[in-house]
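The values are calculated or read from the model by the stated rules, or taken from the named source; none is laboratory data. Given the structure is predicted, the values throughout are model-derived calculations rather than measurements. Here the Cβ positions follow ideal geometry from the backbone for every residue, glycine too, while neighbour counts run over all protein chains shown. The protein model used for the area step is the full one, side chains on, heavy atoms only, and it has no ligands, DNA or RNA in it. Shrake-Rupley method; radii C 1.70, N 1.55, O 1.52, S 1.80 Å.
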Amino acid sequence: MGIKRLNHAVLYVSDVADSSRFYQQVLGFNPSPGPQPEQAFFAQAAESDNHHDLALFARNQGQQRAGVFSARGETPGANEPPAGLYHLAWEVDTLLELKRIRDQLQALGKLGLEEDHGLFKSVYGHDPDGLLFEVNWFLPADAIRDADRDIRTSPLDWERELARFASH
C-alpha cells in the first residue's frame, strides 16, 4: 500500500488535562500547536520531527460541543469505556500515492473524510470491522508557504493540490 510509517495515534481520553500532564511528565512528550487544551491535546515525542505523534481528544460527555473533536461527537455507550483508540494515521511519501489509496477506498465503499490540514493532506477510511484509520501525506519542506502553517481543517481540494504538487 506504500505506507512509510505510523505517523501518529489519536486517543479518546476521559480527561484531556490529566492525560496531557501524564504524557508530558512520564513520557516526555512536548505540546504542539493545537486547539484549546481542555478539548484536545497535540504532542510531539522528544526526538520526533512530526507535527504531532500523539493527540488526545475528549469524549463528548457534556464538556465539549458535539462533533468538534470527536469522530461524530458521540457519547460513549453504556458498554463502552470513556477512553480508547480513535484512529491510527499511516504516512505515505507522495500525494499521488495518497490519491491512489483514496480511489481504492472509494471503490471498496470504505472512504471516509478527505481533509486538508495545512501542512498535511489526509484521507480517512474504515477497515472491514469499521475501525477508523487515516492515511496522510506531508508537504515537502521546500514547498511550504506561510498559509500552509495555519492550523485549520478543510475539505481536500484534489484538483488544486494535484496541480500545486505535480512535480513533487
*Using beta carbons and a limit of 6 Å, which pairs, at least six apart or on different chains, have the first residue in the stretch 143-154 and in contact (Cβ under 8 Å) with a residue 24 or more places away in the chain and the second one surrounded by 13 or more Cβ atoms within 10 Å (Cβ to Cβ) and assigned to a strand (DSSP E or B)?*
Thr153/Glu115; Ser154/Asp116
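Condition check ((1) at pLDDT 90 or above; (2) in a helix (DSSP H, G or I)) across all residues:
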residue	(1), (2)
Lys99	yes, yes
Gln106	yes, yes
Leu113	yes, no
Lys121	yes, no
Asp129	no, no
Phe133	no, no
Arg152	no, no
*Go through the stretch 1-45 residue by residue and tally those that are assigned to a loop (DSSP other than H, G, I, E, B), modelled with pLDDT under 85 and more than 26 Å from Glu97 (Cβ to Cβ).*
10
*Restricting the search to the stretch 135-150, which residues are at pLDDT 85 or above and either assigned to a loop (DSSP other than H, G, I, E, B) or of a type in the set (Asp, Glu) (or both)?*
Leu139, Pro140, Asp142, Ile144, Arg145, Asp146, Asp148
*asked:* When you scan the stretch 149-161, do you find a residue that is in contact with a Phe, Trp or Tyr (Cβ under 8 Å, 6 or more places away or on another chain) and open to solvent by less than 40 Å² (accessible area, probe 1.4 Å), even just one?
replied: no
*Please indicate, with yes or no, whether at least one residue in the stretch 101-112 is open to solvent by less than 50 Å² (accessible area, probe 1.4 Å), within 25 Å of Val13 (Cα to Cα) and without any contact (Cβ under 8 Å) to a residue 40 or more places away in the chain.*
yes
